[in-house]
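Okay, structure first, notes after.
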Amino acid sequence: MSDLAAAVPARMSRQSPTTESRFTRGVLIGVAIFFLGLFLLFPLLVVFVEALRGGIGAYFAALKEPDTVSAIRLTLLVAAIAVPANLLFGLAASWAIAKYEFRGKALLITLIDLPFSVSPVISGLIYVILFGAQGYFGAWLQSYGIQIVFAVPGIVLATIFVTFPFVARELIPLMQEQGTQDEEAAISLGAGGFQTFWRVTLPNVKWGLMYGVLLCNARAMGEFGAVSVVSGHIRGQTNTMPLHIEILYNDYQWAAAFAVASLLALLALVTLIIKTILEWRFGEELASAGRQGDIR
Amino acid sequence: MNALARYRVETDRIEADVAAVTPRVSGRLRGDPMNVTVQDLVKTFGETAALYGVSLDIRGGELIALLGPSGSGKTTLLRLIAGLDFPTSGRILFGDEDASTKSVKDRNVGFVFQHYALFRHMTVFDNIAFGLRVRPRSQRPSEAIIRERVLTLLDLVQLPGLDRRYPSQLSGGQRQRVALARALAIEPRVLLLDEPFGALDAKVRKELRRWLREIHDHTGHTTVFVTHDQEEALELADRVVVMNQGCIEQVGSADDIYDRPATPFVFDFIGDSSALPVEVRSGQVYLDGRPIGIDAGGEPEGPATLFFRPGHVQFVNDDSGGIAGIVSGSRRVGDIRRVELEAGLVRHRFEIDVPADSQAPKAGRIAVKPTAWRLFPKDE
């Protein structure tokens, strides 16, 4: 008995093959935390410190400035159009890809990823080339008095392009994994197409869908490159929050720039928190989507 | 083990309740038995054919099993009857009515999926009520009637009190019961089950088998189920349809299938059997040029395959014909001992059964003569 007791701790103290020594572990964790702090946390902290440098009053005054209000409004408007548009597209695309077999399916999946592989500048440029004054449809649009580039429609289009994949990429693996049995069951019980979608398909993917919408929204509000190309930077008219921050910064209005920046940073934090809650509560359901490669 | 124990206790406890409600249930749920006729059904998926011209008459109120190995087309046939797939050619009749072009939505069939396909975000109650709630407003019963019906069905499937649970909180056997209740809720004309017990462990499977038979006898639905488990098919079904490679090999009762297999495949697939390549010459059966003392009956001359079951043999004196083999091994199978033998120069393997308490022959020569057998002429 005592022999056994002596033998067991000796064996237990041996490390598992994948565990390094205490020192190595400490160094690795330390390096990770150091870099995380230096490159992520510190800048984020600076944003809030700089924003509040002039005091709370100055902070809110900067946010109430008309051009800033207009930028916030435009950003919300763009997100309010782009996110539902991509929600609809994402649902349709993932439904089609997961539940049906058709020619060109692989091509469609590849195309959905295109916005991730293309530089945002190019995404913006496409619309200038298409709809700009010298573009393919420029003259035709002008004859009807429709302005797309350097106006809100262009910003919306560029944002939709850039945020295209978020919802679809989240839902495709989820729906593929779930297969069509639930839908078949619903139809065999007499449900119509819409009833099946509304009562069975949608509830089955709702958390994945929310996750995708969340990421889509964060990107829609934060997009700079593509929007910058098509916006024209007209103050109070075509400036979104990220563009407005750049302008304020270039004008040496540091406090105002950081005040607006703090709003965007806050949005990022809220997104992160909701994302974490979703992952924590519905991790299993989201796992299949995450496995395919977290897009961000 | 724990879940099973709990499941059994639950079953025992509610058995009495069920007995009390059963008459009421049967009166309410009993539908008019519907004949289903399948005519020359062909189904191809791209280049590959899954069914080659299958015809079958299913009588109203019958419990029928589609039995076959995987890839035999049994699930395809079931899905065609349900309307979850459409045939390449051929017809399906429900009663006298041609259902071939109707979608599954309009066929009014109860389909139980192999993995149940319960709606995971709905409670047991909502799952069962689903088929009633999605009806057009004019045919939709009131919530009160839906509620009564769902609770009645929960009694019928012996799951009273579980209406607020979610599918993830149920055991496999309970999910299966909910799936069946959900299918029965729409008052289907035909009940179709795809491998209904495939995902359950052996013990629960046996209990549910008996229970499904009872439900069927109560409700009187025409019921078709798919299985690859011959024991399940033979025990449960009124008639068994043995399928192989997209064709029906034989349709018949358990006795027909077991005692009078129509084809070599059925003989081989159902139960245990040995097959020996023999030759029919002038009314006698020869193995490796030796007569084995079996009368060929009316079988045509030429090469043939002799089938017999391990239990259907008697020992004979080696010199007086019979199939002589050298013992190559033996093993205990349930109540009997199965002895493996090798016959003739090319060592054809065959098996015979001896009583378990008899000394297992370790080696040596044994000669046997089948007491019941079938000869099938070689195809070529």
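The values are calculated or read from the model by the stated rules, or taken from the named source; none is laboratory data. Note that the coordinates shown come from a computational prediction; the quantities given were computed from them, not determined experimentally. Glycine gets a Cβ as well: all are built from the backbone with ideal geometry, and neighbour counts include every protein chain shown. Just so you know, the surface numbers come from the protein's heavy atoms only, side chains and all, with ligands and any DNA or RNA stripped out. Shrake-Rupley method; radii C 1.70, N 1.55, O 1.52, S 1.80 Å.
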Debye-sum result for segment B:34-158 in log10 I(q)/I(0), which assumes one identical scatterer on each alpha carbon, at q = 0.12, 0.13, 0.16, 0.18 Å⁻¹: -0.59, -0.68, -0.94, -1.08
Per-residue ³J(HN,Hα) for segment A:162-173, Karplus 6.51 cos²θ - 1.76 cosθ + 1.60, θ = phi - 60°, Hz, x for Gly and Pro: 5, 9, 3, x, 4, 5, 4, 5, 6, 8, 4, x
Anchor residue A:105: lysines whose Cα lies under 25 Å away (excluding residues fewer than 8 positions away in-chain): A:206, B:43
Candidates A:186, A:168, A:32: whichever shows maximal mean-square fluctuation once chain A is modelled as a Gaussian network with Cα springs under 10 Å: A:32
Long-range HN-HN contacts of residue A:239 with modeled amide H, under 5 Å: A:234
C-alpha center-to-center spacing [segment A:71-139, segment B:242-274] in angstrom: 59 Å
Mean separation of Cα contacts under 8 Å, 6 or more apart, over the residue count of chain B: relative contact order %: 16 percent
Choice from B:250, B:359, B:176 with maximal GNM fluctuation in chain B (Cα, 10 Å cutoff): B:359
Equivalent-ellipsoid semi-axes of segment B:221-357, from the Cα gyration tensor, Å, largest first: 30, 20, 12
From the C-alpha gyration tensor of segment B:111-249, square roots of 5λ in Å: 27, 17, 13
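So which DSSP H runs in chain B come out at 24 Å plus along the axis (Cα) with average Kyte-Doolittle of at least -1.0?
B:2-29
What are the semi-axes of the equivalent ellipsoid of segment B:222-291, taken as the square roots of 5 times the eigenvalues of the Cα gyration tensor, listed largest first and rounded to whole Å?
Square roots of five times the eigenvalues give 31, 11, 11 Å.
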Relative contact order, percent, segment A:74-292 [alpha-carbon distance under 8 Å, six or more residues apart]: 29 percent
For segment B:30-60 and segment B:83-111, distance of Cα centres in Å: 9 Å
Kirkwood Rh and Cα Rg combined as Rg/Rh, chain A: 1.10
Amide H partners (placed H, <5 Å) of residue B:112, local residues excluded: B:192, B:193, B:194
Total formal charge among the other residues, if their Cβ is under 15 angstrom from that of residue B:273, Lys/Arg +1 and Asp/Glu -1: -2
Pair-distance profile P(r), taking every C-alpha pair of segment A:64-142, with 5 angstrom steps and integer %: 3, 11, 11, 14, 19, 19, 12, 6, 3, 1, 1
Segment A:205-218 - phi-based ³J(HN,Hα) in whole Hz, Karplus 6.51/-1.76/1.60, Gly and Pro as x: 10, 4, 6, x, 5, 4, 4, x, 4, 4, 5, 4, 5, 4
³J(HN,Hα), Karplus 6.51/-1.76/1.60, whole Hz, each residue of segment A:127-136, x for Gly, Pro: 6, 5, 5, 6, 10, x, 4, 9, x, 4
Mean-position separation - Cα centroids, segment A:44-70 and segment A:149-187, in angstrom: 35 Å
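How high is the relative contact order of segment B:83-231, given as a whole-number percent (alpha carbon pairs under 8 Å, six or more residues apart)?
Numbers: 191 pairs, mean separation 42.2, N = 149.
Normalised by residue count, the contact order of segment B:83-231 is 28 percent.
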Fluctuation leader among A:102, A:23, A:197 - chain A, Gaussian network, Cα springs under 10 angstrom: A:23
Residue (of A:61, A:232, A:168) at the positive-pole extreme of chain A, dipole from beta-carbon charges: A:61
Helix-only mean residue ellipticity at 222 nm for the protein assembly as shown, each DSSP H run of n ≥ 4 adding -39500 (n - 2.57), per residue, nearest 500: -15500 deg cm²/dmol
Proximal lysines to residue B:206, defined as alpha-carbon separation beneath 29 angstrom and excluding residues fewer than eight positions away on the same chain: B:74
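Where Lys and Arg each count +1 and Asp and Glu each count -1, what net charge lies around residue A:120 among other residues with Cβ under 13 Å from its Cβ?
0
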Rounded to the nearest 10 Å², the accessible area of residue B:115 at probe 1.4 Å: 120 Å²
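Determine Rg/Rh for chain B; Rg is computed over alpha-carbon atoms and Rh is the Kirkwood hydrodynamic estimate from the same atoms.
Taking Rh as the inverse mean 1/r over Cα pairs, Rg/Rh reads 1.07.
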Sequence-distant residues sharing a close amide H with residue B:243 (under 5 Å, placed H): B:67, B:68, B:249
Intensity falloff of the protein assembly as shown expressed as log10 I(q)/I(0), Debye formula with alpha-carbon point scatterers, at q = 0.11, 0.12 Å⁻¹: -1.14, -1.22
